[in-house]
Amino acid sequence: MNKRQYERYIVEFVARVAGDYESTGIVYNLGMGGCKIVTDEPLPVRARVAFSFNTPRQAPCVTVRMATVRRILQYEFGIEFLGMQELQRGRLAQYLPNLAAAAA
């Protein structure tokens, strides 16, 4: 049973993590509610972070102003989005259907 509220899509692009834990990582799946990111810096469960990422063919970057680490598997982190500005959320909402159409 899938507990996620939003569908996740397979992606691969660079993200910059900010806040108490500064790092650069790779986003490997993405949905409206969160993502999986791989970094070389450890992030503890429940850590609060902000991060931004560039989606292909879309500028400027998408910024998530508040997120939290929900799961850890070595250097893979399940991130839940807690706060995004409406403009950022709208840009992400426009991008994700293109991934679904490309996969069909």
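None of the figures in this text is laboratory data; all of them are computed from the coordinates on show. If you're wondering where the values come from, they're calculated on a predicted model, not measured in any experiment. Heads up, the Cβs are rebuilt from the backbone with ideal geometry, glycines too, and the neighbour counts pull from every protein chain shown.
Just to check your reading of the model, which residue among VAL64, VAL69, VAL49 is β-branched (Val, Ile, Thr), touching a Phe, Trp or Tyr at 6+ places or on another chain (Cβ under 7 Å) and under 16 Å from PHE13 (Cβ atoms)? Please lay out each step first, then the result.
Details: VAL69 fails: under 16 Å from PHE13 (Cβ atoms); VAL49 fails: under 16 Å from PHE13 (Cβ atoms).
Of VAL64, VAL69, VAL49, the one residue that is β-branched (Val, Ile, Thr), touching a Phe, Trp or Tyr at 6+ places or on another chain (Cβ under 7 Å) and under 16 Å from PHE13 (Cβ atoms) is VAL64.
From ARG70, ARG65, ARG89, which residue is in contact (Cβ under 8 Å) with a residue 12 or more places away in the chain, closer than 19 Å to GLU7 by Cα, of a type in the set (Lys, Arg) and surrounded by 14 or more Cβ atoms within 10 Å (Cβ to Cβ)? Quick ask: steps written out before the conclusion?
On the way: ARG70 fails: surrounded by 14 or more Cβ atoms within 10 Å (Cβ to Cβ); ARG65 fails: closer than 19 Å to GLU7 by Cα.
Of the residues listed, the single one that is in contact (Cβ under 8 Å) with a residue 12 or more places away in the chain, closer than 19 Å to GLU7 by Cα, of a type in the set (Lys, Arg) and surrounded by 14 or more Cβ atoms within 10 Å (Cβ to Cβ) is ARG89.
Grab the strands (runs of 3 or more DSSP E) fully contained in region 1-81, keeping just those with 2 or more residues being charged (D, E, K, R).
Here the list reads 9-19, 62-73.
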